[in-house]
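Written out below as structure tokens is the structure these notes cover.
Quick note: the coordinates plus some simple rules give every number you see, no bench work behind them. Note that this is a predicted model, so its numbers are computed, not measured. Glycine also receives a Cβ, built like all others from the backbone with ideal geometry; neighbour counts cover every protein chain displayed.
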Amino acid sequence: MASPPKVYFWCEDCRGSGKQSGGTPCPHCKGTGKVATWTTGRRQFLRYVTNIPITVSLPERDIEGECNQIAEGGLGAFLREPVPVGSVVSLQFVVATPPTKLHLQGVVRYASGFQHGLEFVSLNEAERLAIRQFCTELPSLSP
């Protein structure tokens with residue numbers, strides 16, 4: 001039986017820079033800024049690799065971050081601070097094909113340090129289509 005596919009996340013120790021505070025390579029990610037983990041292969045939607053700015057809004061504050069994976073059902077994001085699992089948030093980001101600014105609702109389903117998995121809640125058909133079109137331009141992760 002084949003091994004499940006790997007997924008890469010930003011390193012928590014160096015916050016994706018690949019370097020420690022003294023400028024030496026981060027020992028956790030070996031200077032790459034990313035660490036690998038295995039997936040279970042049980043996802044509803046194929047995920048795509050991206051690198052777009054995102055704002056996650058909680059009632060008390062906005063948190064900036066980077067969306068590093070996207071699918072029709074949600075996204076993965078490296079945020080500047082942790083958000084608890086189960087939090088209902090607003091998401092703002094721009095998909096480039098065609099340029100569309102999205103304002104969506106989501107729920108944090110996964111959090112490991114600064115890496116988060118967010119599920120979209122109540123997408124309308126236009127929002128789903130914008131995400132689907134954007135994904136066609138991106139490299140996919142193995143299912």
With +1 on the Cβ of every Lys and Arg and -1 on the Cβ of every Asp and Glu, and nothing else charged, how large is the dipole of the stretch 44-131 about its Cα centre, in debye rounded to the nearest 20?
100 debye
HN-Hα J couplings of the stretch 95-107 from phi, Karplus 6.51/-1.76/1.60, θ = phi - 60°, integer Hz, Gly and Pro as x?
9, 8, 10, x, x, 9, 8, 9, 10, 10, 9, x, 10
What distance in nm lies between label points placed 7 Å from Cα along the C-beta direction at S90 and S140?
3.4 nm
So between D13 and V49, what do we pick up on full extension, going 0.36 nm a residue minus the alpha carbon distance?
10.8 nm
Charge tally in the Cβ shell below 13 Å around L123, where Lys, Arg are +1 and Asp, Glu are -1, L123 excluded:
-2
Sorted by chain and number, the residues with a modelled amide H under 5 Å from that of C14, at a separation of 5 or more or across chains, are none
